[in-house]
Amino acid sequence: MKIALALGTATLALLWTGFIALSAALADWLAGQGGQLQGGLQALAQWPLPPWIALWTDPAAAEAIRATIVWSVEMLAAVMPWITPLLDWVAPLLWVVWAFGMVGLVVLAAVGLLLMGRMRKRRQFVAAR
């Protein structure tokens, strides 16, 4: 049972670390893009819809989605000067969140091991009676 707990803890730790590493890399990339990101999003909003979408959606709904994307890009362009400096802080904050998550995971694993040890002692005590 202890081996299963250790393997589960290690698996969760690897998944958590991978998720945070990918998120931090994405945040660093976004921070490095700066003003180029806005131009890329505007180009994305101008892309024509593929013809096969007409088979799956109503043309009015597709245009509503496009209008929403254009509106989102315009709103992002308005706040981009304030967001860009804040993006530099995202990756370090993600690693702080990772550290708290790992501490919590290790504490839960330690509590699990402690409870398993108590269960074993209790079984031995009951068996000795």
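The values are calculated or read from the model by the stated rules, or taken from the named source; none is laboratory data. Computed from a predicted structure; not experimentally measured. So basically every Cβ, Gly included, is an ideal-geometry build from the backbone, and we count neighbours across all protein chains shown.
One table, with the values for the structure above:
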quantity: Number of positions in region 1-21 that are over 20 Å from W95 (Cβ atoms) and assigned to a helix (DSSP H, G or I); calculated: 8
quantity: Any hit, region 24-47, residues being modelled with pLDDT under 75, over 30 Å from A99 (Cβ atoms) and outside any helix (DSSP H, G or I); calculated: yes
quantity: Filtered residues of region 102-117 (kept if of a type in the set (A, V, I, L, M, F, W, C) and either closer than 10 Å to A6 by Cα or within 29 Å of the chain's Cα centre (by Cα) (or both)); calculated: M102, V103, L105, V106, V107, L108, A109, A110, V111, L113
quantity: Selection within region 54-74 - surrounded by 12 or more Cβ atoms within 10 Å (Cβ to Cβ) and either touching a His at 6+ places or on another chain (Cβ under 8 Å) or of a type in the set (D, E, K, R) (or both); calculated: E63, R66, E74
quantity: Residue among R66, R118, R122 that is among the basic types (K, R) and at pLDDT 80 or above; calculated: R118
quantity: Single unsatisfied condition, L86 versus (1) at pLDDT 80 or above; (2) surrounded by 14 or more Cβ atoms within 10 Å (Cβ to Cβ); calculated: (2)
